[in-house]
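All remarks here apply to the structure that follows.
The values are calculated or read from the model by the stated rules, or taken from the named source; none is laboratory data. Just so you know, these numbers come straight off a predicted model, no measurement behind them. With ideal geometry, Cβ positions are generated from the backbone for all residues, glycine too; neighbour counts draw on all protein chains shown.
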Amino acid sequence: MALQNGQKAPDFTLFNSDKKEVTLDSYAGRKLVVLFFPLAFSSVCTAELCEMRDNISTYGSLDADVVAISVDSPYTLARFKDDQHLPFQLLSDFNKDVSTAYGALHETFSYNMRGVSKRAAFVIDREGVIRYVEVLENPGKIPNFQAVQDALQSIK
């Protein structure tokens with residue numbers, strides 16, 4: 001069943017691009033934007049995360065942190081983060097558990113790749129409750145960042 005607004009966000013523990021564990025609980029008391037993206041270095045993923053990078057001050061002013069999750073390895077994510085100067089955590093869901101828990105996993109992606117994250121955006125409030133859900137079936141589309149910002153704005 002797909003995640004809905006008002007549900008508790010599934011917990012996670014993933015390795016970041018610095019090979020350190022990051023948990024959902026480490027953001028307790030903060031607003032959090034969780035982005036899922038298919039593959040580092042692909043054109044749409046690069047555009048999506050660079051748009052987030054270019055507007056990171058907007059998210060800071062909304063008192064929100066940002067993380068982006070893909071099934072890429074921490075090594076690939078480290079290079080991608082460095083190349084694109086991304087100022088937020090990139091987390092590796094190499095085993096696909098978190099993408100599955102959030103309903104954000106393509107069974108089959110382009111070139112018959114299996115188990116690639118869907119493009120998705122979730123807003124999680126300070127208590128760990130989901131306040132916005134957008135899971136895209138079309139990997140060529142990017143999330144509605146204005147709707148993400150509106151959801152963050154509505155959280156007191």
Quick one: is Arg131 at pLDDT 95 or above and touching a helix residue (DSSP H, G or I) at 6+ places or on another chain (Cβ under 6 Å)? yes
Boolean, Ile56 is of a type in the set (Val, Ile, Thr), farther than 18 Å from Ala40 by Cα, surrounded by fewer than 18 Cβ atoms within 10 Å (Cβ to Cβ) and in contact (Cβ under 8 Å) with a residue 12 or more places away in the chain: yes
The residue from Glu48, Glu134 that alone is within 24 Å of Gln149 (Cα to Cα), part of a helix (DSSP H, G or I) and within 13 Å of the chain's Cα centre (by Cα) is Glu48
Considering only the stretch 1-25, state which residues are surrounded by fewer than 18 Cβ atoms within 10 Å (Cβ to Cβ) and β-branched (Val, Ile, Thr). Thr13, Thr23
Which residue out of Thr100, Thr76, Thr108 is surrounded by 18 or more Cβ atoms within 10 Å (Cβ to Cβ) and hydroxyl-bearing (Ser, Thr, Tyr)? Thr76
Given the options Val116, Val67, name the one that is under 22 Å from Leu3 (Cα atoms), modelled with pLDDT under 95 and crowded, with 19+ Cβ neighbours inside 10 Å. Val116
Tally the residues that are among the hydrophobic types (A, V, I, L, M, F, W, C) and in contact with a helix residue (DSSP H, G or I) (Cβ under 6 Å, 6 or more places away or on another chain), restricting the search to the stretch 15-32. 1
Go through the residues of the stretch 116-131 one by one and say whether even a single one is touching a His at 6+ places or on another chain (Cβ under 6 Å) and in a loop (DSSP other than H, G, I, E, B). yes
